[in-house]
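So the structure is just underneath, and the comments pick up after that.
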Amino acid sequence: MHQRIFAGALSLALAASAPLWAQDVTCPGGGVTIQGAPERATAICEATAIATDQLASCNLYVPDQITIEVTQSLPGNCYGLYHCEEDLIQLLPVSAYETYLDANPASPFGHLSPQVFFDSILRHELAHAAMNRTPCPFDGCPASQEFVAYTMQIYFLPDADRTRFETRLGEAGAPDRPITRDSLNAMILMMAPEIFIENAYRYFARLEEPCALIGEIARGDVLLDLPFQ
Ligand SMILES: [Zn+2]
């Protein structure tokens, strides 16, 4: 009982002091708000502006109004989240990505610096935001969504980091193995996300006009998802 009273008092105290530590920062231009990271807000604003231009060059248009929150924890094993109803992106602090990268050097993004990894996850979530209005005939279209988000996360890495990713893919074997569109499906995404990421990028990188496909998926003209039987 004491504990419950104490917990209640603690959360009230935190709520009362919230404006002091959770200042919102509005980025230049006014449409993007950064929450929970006043000391990194300028860097996040710049990364958002760069990613928005990169995505636009690949037929993806990020909404004008978006909120980006840096939070200490996310559900499950998520590195980042996009909440479509609020146009809210949630990310972890750079230090959390540093811990993840140190513990997972063999992951597809294990060679990135924590800062580059942060920016790449931001770009991944902005790609989801750009697909907010993409029509989906099912409850969800995770294969289409994640194909676009992961390929954009990788394609717009700094050149040296993208080359390193491609080299690792080649070393992973069978670089010339053809990837069919059928293999970019939600089952592989769920069961073996790293294979999905590799398949997605191999498929994307081999297209003559990869951004044309991104535009077709974003408009709903091409659907990678299939109805579950
Ligand atoms: Zn995603």
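Just so it is clear, none of the values below were taken in a lab; they were calculated from the coordinates. Because the structure is predicted, anything quoted here is derived from the model rather than measured. Don't worry about glycine lacking a Cβ; one is built from the backbone with ideal geometry, like all the others, and counts go over all protein chains shown.
Residue separation times 0.36 nm, minus the C-alpha to C-alpha distance between Thr42 and Gln72: what's the value?
Stretched fully, the Thr42-Gln72 segment lengthens by 8.9 nm.
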* For the chain, convex hull volume per residue from C-alpha positions, Å³ -> 159 Å³
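With a cut-off of 8 Å between alpha carbons and a minimum separation of six or more residues, what is the relative contact order of segment 142-229 in percent?
Value for segment 142-229: 40 percent.
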* To do: Please give the net charge around Ile217, taking every other residue with its beta carbon less than 14 angstrom from that of Ile217, where Lys and Arg add +1 and Asp and Glu add -1.
  => -2
* Using a cut-off of 12 Å between beta-carbons, work out the net charge of the residues near Ala37 (Lys and Arg +1, Asp and Glu -1, Ala37 not included). => -2
* Structure fact -> Note, Val25: beta-carbon cut-off 15 Å, +1 each Lys/Arg, -1 each Asp/Glu, net -3
* Considering the options Met131, Gln72, Pro178, tell which one lies farthest towards the positive end of the dipole of the chain, charges being +1 on Lys and Arg and -1 on Asp and Glu at the Cβ, about the Cα centre. => Gln72
* Likely footprinting exposure, Val70, Val148, fewest C-beta neighbours within 10 Å first -> Val70, Val148
* Structure fact -> Taking N as the number of residues in segment 55-99, the ratio of its alpha carbon radius of gyration to 2.2 N^0.38 Å works out to 1.33
* To do: Taking every pair of alpha-carbon atoms in segment 145-229, give the share separated by more than 18 Å as a whole percent.
  => 42 percent
* **Inverse mean reciprocal Cα-Cα distance (Kirkwood Rh) of segment 14-141, Å** => 15.5 Å
* Asked: What residues have an amide H closer than 5 Å to that of Gln23, excluding those fewer than 5 places away on the same chain, when H is modeled at 1.01 Å from N in the peptide plane?
  -> Gly36
* Taking the Cα centre of segment 142-219 as origin, work out the dipole magnitude from +1 charges on Lys and Arg Cβ and -1 charges on Asp and Glu Cβ, in debye rounded to 20. => 80 debye
